[in-house]
Amino acid sequence: DQQVKQNSPSLSVQEGRISILNCDYTNSMFDYFLWYKKYPAEGPTFLISISSIKDKNEDGRFTVFLNKSAKHLSLHIVPSQPGDSAVYFCAASGSSGGSNYKLTFGKGTLLTVNP
Amino acid sequence: DTGVSQDPRHKITKRGQNVTFRCDPISEHNRLYWYRQTLGQGPEFLTYFQNEAQLEKSRLLSDRFSAERPKGSFSTLEIQRTEQGDSAMYLCAINHRTYQETQYFGPGTRLLVL
């Protein structure tokens with residue numbers, strides 16, 4: 001069963017506009033959420049994270065929103081740039097119960113930012 | 001630079017052969033993870049080390065897979081009697097020193113089993 005779901009395989013936006021990437025999770029034990037960006041033939045690059053005690057975290061052009069009641073998070077990129085074109089992965093971990101902080105990933109969303 | 005190197009970056013092998021991958025954090029990190037990513041999927045957890053102790057293994061890690069971290073620094077992942085289904089990218093990750101929940105990944109080793 002997929003505990004972290006990214007239901008949109010792809011997203012295309014115009015340069016300068018907002019990109020919104022969505023992620024849903026089912027495991028209530030998750031209490032830390034991360035977004036990674038990945039180019040082909042490279043490892044994932046950490047972008048931004050959020051703890052379950054917060055509902056928003058911002059870092060430059062990237063903002064992550066968490067809605068715990070809906071078990072939903074989203075990544076906003078404003079303004080989008082062509083260099084943002086990549087696959088974006090949502091990941092979750094649980095720090096309690098000896099989970100060792102291992103990450104559970106979604107399948108990813110391919111973002112294409114058109115000039 | 002994520003502080004993690006992996007070697008080799010690419011490996012092509014024939015079915016039935018053994019392969020070994022290496023992960024080198026550039027500085028000491030107590031936690032080290034291995035993940036596997038296949039086409040169209042996100043990375044999947046394989047195993048985890050705290051220092052030299054292997055504390056958790058996924059069901060994905062069959063008995064053909066073995067991982068070690070002998071001195072609590074670098075780690076190796078060996079696959080014996082490779083199968084075509086082992087073709088994937090193998091990723092190593094280390095934890096952030098302060099924010100343990102955050103992991104930084106190496107560039108990965110792309111394995112192709114013919």
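Structure above, values below:
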{"item": "Space enclosed by the convex hull of the alpha-carbon atoms of region B:17-114, per residue, Å³", "result": "96 Å³"}
{"item": "Solvent-accessible surface (1.4 angstrom probe) belonging to residue A:71, in square angstrom, nearest 10", "result": "60 Å²"}
{"item": "For region A:32-42, Karplus couplings with θ = phi - 60° (6.51, -1.76, 1.60), whole Hz, Gly/Pro x", "result": "8, 10, 9, 10, 10, 10, 9, 9, x, 6, 10"}
{"item": "Largest to smallest accessible area among A:24, B:63, B:7 [probe 1.4 Å]", "result": "B:63, B:7, A:24"}
{"item": "Antiparallel DSSP beta bridges within the protein assembly as shown, percent to nearest 5", "result": "90 percent"}
{"item": "Where labels lie 7 Å past Cα in the beta-carbon direction, separation of residue B:97 and residue A:78 in nm", "result": "3.6 nm"}
{"item": "Shielding score for B:83-93, defined as the mean number of other chain Cβ atoms within 10 Å", "result": "1"}
{"item": "All-pairs Cα distance distribution in the protein assembly as shown, expressed in whole percent, bin size 10 Å", "result": "8, 33, 35, 19, 5, 0"}
{"item": "Residues whose placed amide H lies under 5 Å from that of residue B:74, excluding near-sequence neighbours", "result": "none"}
{"item": "Amide H partners (placed H, <5 Å) of residue B:46, local residues excluded", "result": "B:34, B:35, B:36"}
{"item": "For chain B: relative contact order, % (alpha-carbon pairs under 8 angstrom, 6 or more apart)", "result": "36 percent"}
{"item": "Relative contact order of region A:1-94, defined on C-alpha pairs under 8 angstrom at six or more residues apart (%)", "result": "36 percent"}
{"item": "Surface accessible to a 1.4 Å probe, residue B:10 within the full protein complex, Å²", "result": "130 Å²"}
{"item": "Beta bridges by DSSP in chain A, antiparallel share as percent, to the nearest 5", "result": "90 percent"}
{"item": "For region A:48-62, 3J(HN,Hα) per residue [Karplus equation, 6.51 cos²θ - 1.76 cosθ + 1.60, θ = phi - 60°, Hz, x = Gly/Pro]", "result": "7, 9, 8, 8, 5, 7, 10, 10, 7, 9, 10, 8, x, 7, 10"}
{"item": "Karplus-derived 3J(HN,Hα), 6.51/-1.76/1.60, for each residue of region B:37-49, Hz, glycine and proline x", "result": "10, 9, 4, x, 10, x, x, 10, 5, 10, 7, 9, 10"}
{"item": "Long-range HN-HN contacts of residue B:51 with modeled amide H, under 5 Å", "result": "B:31, B:32"}
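The values are calculated or read from the model by the stated rules, or taken from the named source; none is laboratory data. Bear in mind that the values here come from a model prediction, so they are computed numbers and not experimental data. Methodologically, a virtual Cβ is constructed for each residue, glycine included, from the backbone with ideal geometry; neighbour enumeration extends over all protein chains shown. We work out accessible area using only protein heavy atoms, side chains counted, and drop any ligands, DNA or RNA first. Shrake-Rupley method; radii C 1.70, N 1.55, O 1.52, S 1.80 Å.
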